[in-house]
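Since every read-out is calculated from the coordinates, none of them should be taken as a lab result. What you see is a predicted model; the values in this text were computed from it and never measured. Neighbour counts are summed over all protein chains in view; Cβ atoms, including those assigned to glycine, are modelled from backbone coordinates with ideal geometry.
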Amino acid sequence: MNKKIARLKRARRGRENIKRLAVPRLCVYRTLQHIYVQLFSAEGGQVLASASTAEKSFKVKESLTPIQKAEKIGVAVAEKAQKLGIKKIAFDRSGYKYHGRVKALADAARNAGLEF
């Protein structure tokens, strides 16, 4: 079995558990160059907020490491969620290991006020 397919299959099982919690879901997708985050509604059908390193508003003049970029995205999505009145979420790492950029993003979002 392809590694990507196996990872997505495991992630699908995790999302089933998140649906039972009935809280908004913070979903992470990462590529080699960028990291994308979307906050989905509790039902899963609507994107409430999003942030990514590919956005024009994120372009910074100084060079940052990928982990520093992930931290900035975590803070940005946490601020957007708090403007919507969302404090408690479920973190969907999409099958990625909780390590490196994914961990940095989660820790920054927690420090910015989100609970998960």
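What percent antiparallel are the DSSP beta bridges of the chain, to the nearest 5?
Roughly 75 percent of the beta bridges in the chain run antiparallel, per DSSP.
Quick check on the chain: helices-only [θ] at 222 nm, where DSSP H runs of length 4 and up contribute -39,500 (n - 2.57) each and the sum goes over total residues. Nearest 500, please.
Estimated from H runs of four or more residues: -13500 deg cm²/dmol.
All other residues with a Cβ under 13 Å from the Cβ of Ile67 taken together, and with Lys, Arg as +1 and Asp, Glu as -1, what is their net charge?
So the environment of Ile67 carries a net charge of +3.
Report, in whole Å, the centroid distance computed from the Cα atoms of segment 87-116 and segment 36-79.
The distance from the Cα centre of segment 87-116 to that of segment 36-79 comes to 11 Å.
Using the charge dipole of segment 3-111 (Lys, Arg: +1 at Cβ; Asp, Glu: -1 at Cβ; taken about the Cα centre), state which of Ala78, Tyr98, Ile35 has its Cα farthest towards the positive end.
Highest projection toward the positive end goes to Tyr98.
Beyond a 22 Å Cα-Cα separation, which of these cross-linked pairs lie in this structure: Lys69/Lys97; Lys59/Lys80; Lys4/Lys72; Lys3/Lys59; Lys56/Lys88?
Exceeds cut-off: Lys4/Lys72; Lys3/Lys59; Lys56/Lys88.
Just how large is the dipole of the chain about the Cα centre, in debye to the nearest 20, putting +1 at every Lys and Arg Cβ and -1 at every Asp and Glu Cβ?
Charge dipole of the chain: 520 debye, to the nearest 20.
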